[in-house]
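*Asks:* I am attaching a structure below and will ask some questions about it afterwards.
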Amino acid sequence: MQVADKRHITVGIFIFIGLLIFVIGIFTLGSQKKAFGERVTVSVVFDDIEGLKTGGNVWFSGVKVGTIKKIEFHGGSQVLVSMNIQEEAQQYIHKDATATLSSDGLIGNRIVEISGGSPKAPIIQDGDRIQANRTLSTDEIMATFQENNKNLVAITGDFRQLSSNLVAGKGAAGALLSDEGMARDLKSTIANLNATTQAADRMMMDLNRFARTLNTKGGLADQLLTDTAVFARLRSSVNELQQASRSASAMAANLNAASAKLNQSDNPAGVLLNDQQSAERVKQILINLEKSSHNLNEDLKALQSNFLFRGYFKKKREQAAEQE
């Protein structure tokens, strides 16, 4: 009898421990699923839920805030997803938030991510519907990859053909790679361009030095460019030079007119220069005047010797001697 009682006690202990473990498991799972907290129900309509299942998780800003409550068809081909959101997370989710399908890890279960929302918008309420943010599905991504692979194969083929043409020396680039003469010409052209560039650099340096010289304070160029008084004096000098040039031109015109008169026979100077007979007559007159002057001197000497005028000339000589 005692042995049977012990067995009953042992069985009872095991049953109690089993029930305790069962209750603890329920509360643990409930705490993970937030099954025993207050919630609000929010829905979203997707065109394709891509394998989303009831009981899946709902995340907001990287934090689990609820679970998928119900999935049902909506309209023609859309799907209405109802979500249980924890009441404590309700204050952070606003009516203009959006829902996106995502994965729990790289190849994990499908989940719903709630993101966005303006703080100025009101918070969600029980029964609200938020907008879906459409993303590319896995099939669409794979189709895009396939299309990119086709484009990559075509580009690779083009590059292979291009490299073959280069090796064969076809085209301008191939000729540059294979034709030594053209390569030398190109090298010479580059050298000439380099020399031209260096010459241009030297010219720019010279121009810079000349500009610095112009900007030297107190220099003639600086005064001409900046000093209005120097510029006014220079302009006055230029005007005077212009007047002198005009005077010289007038004098040259007068000389030309005078020289033209000398070549004519309607004036004394022109007659003397151009009329031979008149010149001979003038010459004869000068000879006669010279002879007359000589004879006059002889007559004066004879008068000085004459006794009638001797006293007069003697008196003149004495007066001249006294004045000396």
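*Asks:* At a 10 angstrom cut-off on C-beta neighbours, averaged per residue, how do the peptides 155-163, 117-125, 44-52 rank from highest to lowest?
*Replies:* Output ranking for 155-163, 117-125, 44-52: 44-52, 117-125, 155-163.
*Asks:* Still on this structure, I have one more. Grab every C-alpha pair in the range 37-135, bin the distances at 10 angstrom width from 0 up to the longest one, and report whole percents.
*Replies:* With 10 Å bins starting at 0, P(r) equals 17, 55, 26, 2.
*Asks:* Hey, any idea what the orientation-averaged projected area of the convex hull of the range 51-98's Cα atoms comes to, in nm²?
*Replies:* Details: hull surface 16.1 nm².
Mean orientational projected area (the range 51-98, Cα hull): 4.0 nm².
*Asks:* List, in order, the whole-Hz ³J(HN,Hα) value for each residue of the range 142-159 obtained from phi through the Karplus relation with A = 6.51, B = -1.76, C = 1.60 and θ = phi - 60°; use x for Gly and Pro.
*Replies:* Once θ is set to phi - 60°, the couplings for the range 142-159 become 5, 5, 5, 4, 5, 5, 5, 5, 4, 5, 5, 5, 5, 5, 4, x, 5, 5 Hz.
*Asks:* While we're looking at this one, here's another question. Based on the mean of other beta carbon atoms within 10 Å per residue, what is the order of 17-25, 54-62, most packed first?
*Replies:* Going from most to least packed, we get 54-62, 17-25.
*Asks:* For PHE60, enumerate residues with amide H under 5 Å from its amide H, sequence gap 5+ or separate chain, H modeled in the peptide plane.
*Replies:* It is VAL65, ILE114, by chain and number.
*Asks:* Going through the cross-link list LYS291/LYS315; LYS69/LYS120; LYS69/LYS95, which pairs have a Cα-Cα distance over 21 Å in this structure? Intermediate values should be presented prior to the final figure.
*Replies:* Values: LYS291/LYS315 29 Å; LYS69/LYS120 28 Å; LYS69/LYS95 19 Å.
The answer is LYS291/LYS315; LYS69/LYS120.
*Asks:* Something else: When the Cα centres of the range 101-135 and the range 41-88 are compared, how far apart do they sit, in Å?
*Replies:* Each part reduced to its Cα centre gives a spacing of 8 Å.
*Asks:* Then there's this: Sort VAL65, VAL11 by Cβ crowding within 10 Å, fewest neighbours at the top.
*Replies:* VAL11, VAL65
Computed from the coordinates by the stated procedures, all read-outs in this text should not be read as laboratory data. On a predicted model such as this, the values are computed, not experimentally measured, just so you know. As a convention, Cβ positions derive from the backbone with ideal geometry for all residues, glycine included, and neighbour counts pool all protein chains shown.
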